[in-house]
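What follows draws every value from the coordinates through simple rules; no lab data is involved. From a predicted model like this one, the values you see are computed outputs, not experimental measurements. Cβ placement follows ideal geometry from the backbone for every residue including glycine, while neighbour counts extend to all protein chains displayed.
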Amino acid sequence: MKKTSLIIALFALLFSTSNTGHAQSVPVANKLPHVDLGIKLGANFAKITGTGWEQGYQPGVVGGATIGLRKHKVGLQVEFLLSTAHYSTASLMDSIHKGEFRSTYFDIPVMLEYRVLGGKMLPKFWLMGGVQFSNLLSIKSTNEFAGDVKSTFTSSNMLAVLGLEMRYLKFTLGGRYIAGISEMNAQAASEAWKSTYSQVYLGYRFL
């Protein structure tokens with residue numbers, strides 16, 4: 001959370017610096033960044049990279065709340081999301097079953113954004129990039145032969161985020177690619193596991 005606070009503080013400094021030169025001539029309301037609140041819901045396609053895991057993306061869901069600060073063509077967006085993911089092993093874990101696991105995460109993406117196209121009454125396209133902090137809420141085997149597997153996975157992860165959103169009026173359509181930076185495998189002596197996600201979603205902004 002310290003990293004999240006630092007990013008927000010740096011972004012606030014950017015806004016204040018950009019307004020210093022004309023502080024006397026522009027009304028205060030025009031100098032402040034625009035704030036919006038919204039919700040989003042979409043599909044979360046996930047996989048784990050590493051030996052033993054299937055490399056095809058499998059579907060889950062993602063949804064939650066968003067808050068944004070924007071000034072002209074730059075912005076900062078922070079989200080508070082719940083996401084689900086489905087993982088499968090590539091080989092049999094016993095003589096009958098293949099491993100099937102479902103997880104639930106609490107995700108906080110923190111992203112800087114830049115408007116690359118659009119304006120006025122046209123749709124606006126925003127390029128987004130940043131980091132995501134994910135906390136594992138639960139993970140379990142769906143075929144119940146592997147027992148409690150939560151201790152096998154790290155409780156928190158950091159991921160890199162790159163996305164594009166189209167915004168028109170109060171509606172949002174977006175896509176995002178998310179790649180793991182930190183290690184998912186809690187067993188330090190074992191091989192590295194990292195998560196990768198592709199997301200598509202719809203959103204609505206109240207402000």
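With contacts taken as Cα pairs under 8 Å and at least 6 residues apart, the stretch 33-205 reaches a relative contact order of 22 percent. Bridging of residue 120 to lysines at a Cα separation below 16 Å is possible for 71, 73, 170, once same-chain residues fewer than 8 apart are set aside.
Here are some pairs, 31/124; 40/194; 47/98; 98/194; 47/194; which of them have Cα atoms lying more than 18 Å apart in this structure? Among 31/124; 40/194; 47/98; 98/194; 47/194, the Cα-Cα distance tops 18 Å for 31/124; 40/194; 98/194. The alpha-carbon positions of the stretch 33-205 define a convex hull whose volume is 101 Å³ per residue. In this Cβ point-charge picture (+1 for Lys and Arg, -1 for Asp and Glu), the stretch 56-142 has a dipole of about 540 debye about its Cα centre.
How large is the charge dipole for the stretch 33-205, taken about the Cα centre, if only the Cβ atoms of Lys, Arg (+1) and Asp, Glu (-1) carry charge, to the nearest 20 debye?
Values: 17 positive and 12 negative charges, 217 e Å.
That gives a dipole near 1040 debye.
Just rank 205, 176, fewest to most, by other beta-carbon atoms within 10 angstrom.
Working: 205 17, 176 21.
Placing the least packed residue first, the sequence is 205, 176.
Here the 3J(HN,Hα) profile of the stretch 191-207, calculated from phi with Karplus coefficients 6.51, -1.76 and 1.60 at θ = phi - 60°, is 5, 6, 10, 9, 9, 9, 10, 10, 10, 10, 7, 10, x, 9, 9, 7, 10 Hz, Gly and Pro shown as x.
Under a Cβ-Cβ cut-off of 15 Å, what is the net charge of the residues other than residue 32 that fall near it, where Lys and Arg count +1 and Asp and Glu count -1? Please report the intermediate quantities before stating the final value.
Values: positive: 31, 70, 71; negative: 36.
Every neighbour counted, the sum reads +2.
Listed from fewest to most Cβ neighbours within 10 Å, the set 48, 67 follows the order 67, 48.
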